[in-house]
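Student: Okay, here's the structure, questions in a sec.
The values are calculated or read from the model by the stated rules, or taken from the named source; none is laboratory data. Predicted model, so just to flag it, every value in this text is computed and none were measured. Cβ placement follows ideal geometry from the backbone for every residue including glycine, while neighbour counts extend to all protein chains displayed.
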Amino acid sequence: MFLSTVKKVKLEVRPLFLPQLVRLTTMLKPGLRSINWTNPTWVEFYENGKEAIETFNVLVARVHDIYSNRILSVLASMQEVTLQILPGDEEIWTVDEFLEKSEESCRQAAIELNRKSQMVEEAVEEVLELVDKASQIFQKIIGSENDMFADLSKAIYPDPSEQKKEDDLSNQQQNQQDWSILWSCFENPISLLHFQNGLPKGMQEMVFNAVAEMRRYYSRKVIDVLIKVTRSTLDTMRRKFLAEAETNLMKRKKSVFLLNAILMIPNICIRPTLDELQDALVQAGKTVTGVSKGVAQWTTGRGENAQIQRRGSKQNLSSMDDKQRRRKLYRLVSEERPQMPHMTKSFYSYVMENKEVVKTLSLLGNCCRNIKSDLLTWIKTWVPFHFLWKNDKTSRQLLEFTLIEFETTLQYLTDLDKSLTTIPDLEYFGQCVVLSTEKLKLGLICEIKAYTHKLGQAMKKKYKREMDYVYAVINEMERKLDRPIRDLDDVRMIMDTLGKIREQEVDMDLKIDPIEEAFNVMNKYEIQVEHEHMEQVDNLRDTWHKLQARALATHCKLLEMQPNFQLELRTNLDKFKSDKIEYVNEYRNAGPMQPGLTPREASDKLILFQNRFDGMWRRLQTYQTGEELFGLPQTDYPELAQIRKELNLLQKLYKLYNDVIDRVSSYYDIPWGEVDIEEINNELMEFQNRCRKLPKGLKEWPAFHALKRTIDDFNDMCPLLELMANRAMKPRHWQRIMEVTKYTFEFDSEGFSLKNILEAPLLKHKEDIEDICISAMKEKDIEAKLKQVTNEWSVHELSFMHFNNRGELLLRGDTTAETIGQLEDSLMVLSSLLSNRYNAPFRKQIQQWVYDLSNSNDILERWLLVQNMWVYLEAVFVGGDIAKQLPKEAKRFSKIDKSWQKIMQRAHETPGVVACCVGDDLLKQLLPHLQEQLELCQKSLSGYLEKKRMMFPRFFFVSDP
């Protein structure tokens, strides 16, 4: 019984049972050596041994039950947890659905795996707890004296502060310990009796490490399961996207992703793209590996911290489940999707240390390469449809198409539209991707319809325009044929119309045929055409035939009327000849070419004779046409041809003459203030060009000379007018012009215009007027420069600086020096203006400013000299010992100091440079006096210092202050 019970202990838990086996064999040891059947204690020994063996047997049975049903079976069930759900047969997901369902399945798997991991952990801890309780029972049965495993419970429930140290030690020793030594003890438990002084130290350490090894071993089992299910899921995903389906049926059943082909002119695009699909696979792979983040690491023992952590994780999971249930119950649309569980300490790092997991995850990044080339090839099959946007024409370009080009293009568009019906709505690539072409085909159909509509509108517009032209020609000819035949003009017009009809018979057939064919093509391709347009097309050829029949009838009618019109023609020709002789005589004797006529009289006669000639010329053309119609010999009239030529030349000359006279007359009415000389110059130049282009024969005519003289006179006047219109002209200048010309300009009158200016003898006094205008412009320049100088010195002010806490008693040296330099520059400008011969209106003002600026310059220079002397002596005579030695000079300096303060106070009151210096004579008189007084003080001070040097030779090395 003892041996069978011991031997059936499983290898995985034998190290935990060794303390019980040692205690059991130690308890049975007296029965092998000192107790026999005659010993009165054998009954007690037997009962105790039997109780201990039964307790051991119960422990083994319970541990085996937990091991089989709560550890191995749970670990096996963990391997069956599904991390990634893929669509079933003939089920297709979008990328977003795939990611959403992947995340949801992984979230549920993380919760399930964490729960099962905790179940395994709890089972292991329960085994350790059973071992610990069994140890306590054996201690009661056997006694705890000399029990080498009395502290074994500390290994089962270690102190958290020592846990890390013990874990590191056990990790170092686990690879060095040979557990087969302990396992052999259960095959031959009697061998334990050979150890006289207890188990060897190495075996004791193994026993104490068995608890940690138990936790580590099954924790590692959980990690292995997580690695296995993660890798298995990743492998399944990779094989799903790498495997090639053998038939289209298999493709339909195994496809996973639904992509959409869409038209984005000028490209055909896949949405989502392959890169986005690849990213989705990688993201799903990361979600699968992230499942282990939701599986918490095991805690050591059943201490308070472990229980709190396990209890917290359970509450976390239960709260997440409650949240999920609430969302499903209330359908809160605005609530975010539940997040993946994330434990503070998880098995994620252990899973990602596995090279196969990392390798498989990286391989997911290349799963779409095998279908990329297939997709590119498939996209190339749509190249024929690029015609829709690459050959897009403007409406103007489409109107230039021929009928053949229209029909060919429409047929091609129809073929493209039919080809779309043969393309399946779903295309399968590999066994993972199905591509929907519905959106692409819809976009292409819209493009085909748009192109067809645009082409049809252009075609309809072009041939409707040609049809309207044909109808317009027919209607015009019908209108002329409807004209009553009263005279030869009517006959001539009818004959011309009949000739045109005969000429256009072939052209009309060539125009009507394409129009009819074009509208038939539009009907064939279902291009909408208005009903009235179709009726016009149907009636077009009949209308043309009716016109031809009408022309034939009119021709027959003319043949019947020919004798009467021929007689009328002869009578009219006789009358015309007499009228021609009369007109020629009048033209030669009293026409516009008669010498002595003024240009205006010649122009008036030209109008009269031109009107009479136009009427005679029309009659001549009518009669010559009649002669041609009736086959009569044509009569020439050379006198009329010559007169016609002369009248054409006269028209050119007198038209230009009248244009020039009218335009020049219009110049006189322009208000003087609005005269634009540049525009007048341009118009006169154009008239001159037209004069030069006249025939040479006309240049001897009086009208030409008058015309040229008018243009030249006004051209000579323009430069003078341009000078007089200059803005620099002032009333004084106009007064001088009036004195020169002895003519008064009334500028104040309301209607003062260019005419009033031109009435004066300007050209007679041209040079004097030019001098006046030039002087006005020069004076304007002088005035501008003078104004610049006066403006500058009207605002220029003095700058001051503080002196020994007495206030601003000094001129600023650098600024004042710059002011003196500017005064000199301004004096140079004024000097140049003063020497200018055109300065008469400003001479007094210039002289005054030269005087003021020169005095200001002298005063500022003397002011700085006096200031330097005052500063030099102020340090000596104000509060110094020398002032006591020179009381007379000190008194003199005191007066000077008061005067200086007075000058500086006045300068502050009048800070302007010119106003301060020459506003009155104060500075001009006071500064020389102060300079004289300061020089006296300086002289007395120098004499005093010279005496001191004579008395004290060492002072020779000291200069004046």
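Student: Select the helices (runs of 4 or more DSSP H) contained entirely in the range 868-932, then report the ones holding at least 2 residues which are under 27 Å from K948 (Cβ atoms) and in contact with a Cys (Cβ under 7 Å, 6 or more places away or on another chain).
Tutor: Working: elements: 881-885, 887-909, 913-918.
The helices (runs of 4 or more DSSP H) meeting that bar are 887-909.
Student: Something else now. Please go through the range 412-460 and pick out each residue that is of a type in the set (S, T, N, Q) and farther than 27 Å from Q278 by Cβ.
Tutor: First, the residues of the range 412-460 that are of a type in the set (S, T, N, Q): 414, 419, 421-422, 431, 436-437, 452, 457.
Hits for the range 412-460 are T414, S419, T421, T422, T452, Q457.
Student: Moving on. Out of everything in the range 773-804 that is under 21 Å from P911 (Cα atoms) and not in a helix (DSSP H, G or I), what residue ends up being farthest from the chain's Cα centre (by Cα)?
Tutor: Going through the qualifying residues, I end up with F803.
Student: Can you pull out the residues in the range 506-519 that are of a type outside the set (A, V, I, L, M) and loosely packed, with under 12 Cβ neighbours inside 10 Å?
Tutor: D507, D509
Student: Do we find a residue being crowded, with 18+ Cβ neighbours inside 10 Å and either within 22 Å of N681 (Cα to Cα) or of a type in the set (K, R) (or both) anywhere in the range 766-773?
Tutor: Within the range 766-773 (the criterion being crowded, with 18+ Cβ neighbours inside 10 Å and either within 22 Å of N681 (Cα to Cα) or of a type in the set (K, R) (or both)), the answer is yes, since at least one residue qualifies.
Student: T409 is checked against (1) under 26 Å from F519 (Cα atoms); (2) within 39 Å of the chain's Cα centre (by Cα); (3) modelled with pLDDT under 85; (4) surrounded by fewer than 19 Cβ atoms within 10 Å (Cβ to Cβ) and fails just one. What number does that condition carry?
Tutor: (4)
Student: How about the range 269-293: which of its residues are modelled with pLDDT of 80 or more and polar (S, T, N, Q)?
Tutor: Hits for the range 269-293 are Q283, T287, T289, S292.
Student: Restricting attention to the range 485-527, and to residues there that are of a type in the set (S, T, N, Q) and part of a helix (DSSP H, G or I), which single residue is modelled with the lowest pLDDT?
Tutor: For the range 485-527, the residue satisfying everything is T497.
Student: Still on this structure, I have one more. If we only count helices (runs of 4 or more DSSP H) wholly inside the range 676-743, which ones have 3 or more residues that are at pLDDT 70 or above and closer than 18 Å to I661 by Cα?
Tutor: 677-692, 702-724
Student: Is there a residue in the range 873-883 that is without any contact (Cβ under 8 Å) to a residue 40 or more places away in the chain, on the phi > 0 side of the Ramachandran plot and surrounded by fewer than 16 Cβ atoms within 10 Å (Cβ to Cβ)?
Tutor: Looking for residues that are without any contact (Cβ under 8 Å) to a residue 40 or more places away in the chain, on the phi > 0 side of the Ramachandran plot and surrounded by fewer than 16 Cβ atoms within 10 Å (Cβ to Cβ), one finds at least one in the range 873-883, hence yes.
Student: Separate question: Which one of these is free of Cβ contacts under 8 Å to residues at least 24 places away in the same chain and surrounded by fewer than 18 Cβ atoms within 10 Å (Cβ to Cβ): K461, K500?
Tutor: Exactly one residue qualifies, and that residue is K500.
Student: In addition: From the list I820, I769, I846, which one is within 19 Å of W734 (Cβ to Cβ) and β-branched (V, I, T)?
Tutor: The unique qualifying residue is I769.
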